[in-house]
1. Using 0.36 nm per residue, how much length does the chain from residue 144 to residue 116 gain when fully extended, once their Cα-Cα distance is taken away?
2. If a/c stays under 1.5 just call it rounded; otherwise compare a/b with b/c (prolate if a/b is bigger, oblate if not). Do that for the range 71-139, with a ≥ b ≥ c from the square roots of the Cα gyration tensor eigenvalues.
3. Rounded to the nearest Å, what's the spacing between the alpha carbon centres of the range 72-131 and the range 133-148? Just the number, please.
4. Starting from the Cα of residue 108, step 7 Å along the direction of its Cβ; do the same at residue 74; then give the gap between the two resulting points in nm.
5. Under a point spin-label approximation (7 Å from Cα along Cα-to-Cβ), what is the residue 85-residue 37 distance to one decimal in nm?
6. Between residue 129 and residue 96, what FRET efficiency follows from the Cβ-Cβ distance if R0 is 25 Å, with the result rounded to 0.05?
7. Rounded to the nearest 0.05, what FRET efficiency do residue 66 and residue 137 give with R0 = 30 Å and r taken as the Cβ-Cβ distance? Could you check?
């Protein structure tokens, strides 16, 4: 079993994004761009938001130097295919990071610069835990928004159990990784 339990969460994160993008890429431009509810922006904006948050936290974890610059453009991708490719690349980098992570790395302190320019220090483990919960929440919003489109929302809860194995196995093959 590579790395820590965070590796499995990173795989689940990549798998969930892959499934969600598989459906979102079938939507019309109008379905992607329409603001649906007060709590959420459009599907495309929400997917861009997920990506920029991934960029921010992954950058902090690897001391990449971009910091808040990850949010300079709130909509870095207007085309769903380019957004999907960028998300996939980011998911692969996050999996690679988590695959190499060990228990000592998980307690390493990382500086985060917040919106108000204040600085906080959190452990790698705390940041990853936050990131995976936050991404689950944001994907849940997209999942709900899909209910009023031409496409059915994909199942995102069939990941670890034996009877679910064929589904993530197929998806992981498409991602160039071994199945669940």
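1. This chain segment gains 7.0 nm when fully extended.
2. Because a/c hits 1.5 or more and a/b fails to exceed b/c, the range 71-139 counts as oblate.
3. 19
4. Placing both labels 7 Å along Cα→Cβ, they lie 3.3 nm apart.
5. 3.2
6. Efficiency for this residue pair is about 0.85.
7. 0.80
Every number in this text was worked out from the coordinates using simple rules, so none of it is lab data. Keep in mind the model is a prediction, meaning the values are calculated, not measured. Glycine gets a Cβ as well: all are built from the backbone with ideal geometry, and neighbour counts include every protein chain shown.
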